[in-house]
Amino acid sequence: MQSFKKYLAECIGTFVLVFFACGTAVVTKCDAANPGGSGYFLTALAFGLVIVAMAYSIGNISGCHINPAVSIAMLITGKLSLKDFAGYVVSQFAGAILGAAALMAFLGKDSGLGANGLWNDNILGSLVIEVILTFVFVLAILGVTSKVENGAVAGLVIGLSLTLVHVLGIAFTGTSVNPARSFGPALFVGGAPLANVWVFIVAPLAGGALAALCYKFLSENKK
């Protein structure tokens, strides 16, 4: 039952992320093709604020990963079992799909649902920028959650870190750093977003894994 509650929390958290943050991108008409303006920063802020809200509501239940890239980092650093990793990832994808479905019901498929897109149709460039963005985001998470005494501010730090990577990343790919967040909208939009969604699954997972390996190396034998 406890595992089910954790998985349900992850599903709910990812639903909220997609519905509110991707929804903000749609209603403010913010995407990589139209960088700048208030919508750009409102979208970046929305992603960060969702993490803050969820961290302080479901964080004590599941840890508030709501992102497979975070979960793979926790698996590599020994903070998550293989069984829970599988359960978390399935729950996160389910939540993202539900969030995108709810968005489509309100805004329609043609709104784009905040789906990610390649940077200048450049697959390699998009992979690299997403790996970098995810690496920075996940490294911040590993650092701030490494000490129990940081618990009171961890949600705020993580939320601001996600805002930071969006401020730069939106102009490139719309910023994924989260395979589930990308898959949900792409599934319903179809076309190029769905054909290219593998980029936004592979790159964040690679970035999260690299961040975990880097953090393990940097913190090894730390006094």
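Yes/no matrix, rows are residues, columns are (1) crowded, with 19+ Cβ neighbours inside 10 Å; (2) closer than 15 Å to Val177 by Cβ; (3) at pLDDT 95 or above:
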residue	(1), (2), (3)
Phe15	yes, no, yes
Val18	yes, yes, yes
Asp31	yes, no, no
Ala46	yes, yes, yes
Ala86	no, no, yes
Ser91	yes, no, yes
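Screening the candidates Leu194, Leu205 for the property of being surrounded by fewer than 18 Cβ atoms within 10 Å (Cβ to Cβ) and either outside any loop (DSSP other than H, G, I, E, B) or at pLDDT below 95 (or both) yields one hit, Leu194. Checked against (1) on the phi < 0 side of the Ramachandran plot; (2) touching a Leu at 6+ places or on another chain (Cβ under 7 Å), Ile66 passes all but condition (1).
Across segment 124-168, the qualifying residues are those that are closer than 23 Å to Met54 by Cα and among the hydroxyl-bearing types (Ser, Thr, Tyr), and the one among them that is nearest to the chain's Cα centre (by Cα) is Thr134.
Pull up segment 155-175, narrow it to residues that are of a type in the set (Gly, Ala, Ser) and surrounded by 22 or more Cβ atoms within 10 Å (Cβ to Cβ), then point me to the one that is farthest from Gly112 (Cα to Cα).
The extreme case among them is Gly169.
Evaluating Ala171 against the criteria (1) of a type in the set (Gly, Ala, Ser); (2) in a helix (DSSP H, G or I); (3) out of contact with any strand residue (DSSP E or B) (no Cβ under 9 Å at 6 or more places or on another chain) leaves one unmet condition, (3).
Within the group Ile72, Ile51, Ile66, which residue is in a loop (DSSP other than H, G, I, E, B), modelled with pLDDT of 95 or more, among the aliphatic types (A, V, I, L, M) and within 13 Å of the chain's Cα centre (by Cα)?
Numbers: Ile72 fails: in a loop (DSSP other than H, G, I, E, B); Ile51 fails: in a loop (DSSP other than H, G, I, E, B).
Just one listed residue meets the conditions, Ile66.
Among the residues of segment 113-123, the ones that are farther than 16 Å from Phe47 by Cβ and either surrounded by 18 or more Cβ atoms within 10 Å (Cβ to Cβ) or more than 20 Å from the chain's Cα centre (by Cα) (or both) come to 6 in all.
Restricting Leu82, Leu8, Leu98 to residues that are touching a Phe, Trp or Tyr at 6+ places or on another chain (Cβ under 7 Å), surrounded by fewer than 18 Cβ atoms within 10 Å (Cβ to Cβ) and either more than 17 Å from Gly174 (Cα to Cα) or among the aromatic types (Phe, Trp, Tyr) (or both) narrows the list to Leu98.
The values are calculated or read from the model by the stated rules, or taken from the named source; none is laboratory data. Quick caveat, the model's predicted, so the values are computed rather than measured. Neighbour counts are summed over all protein chains in view; Cβ atoms, including those assigned to glycine, are modelled from backbone coordinates with ideal geometry.
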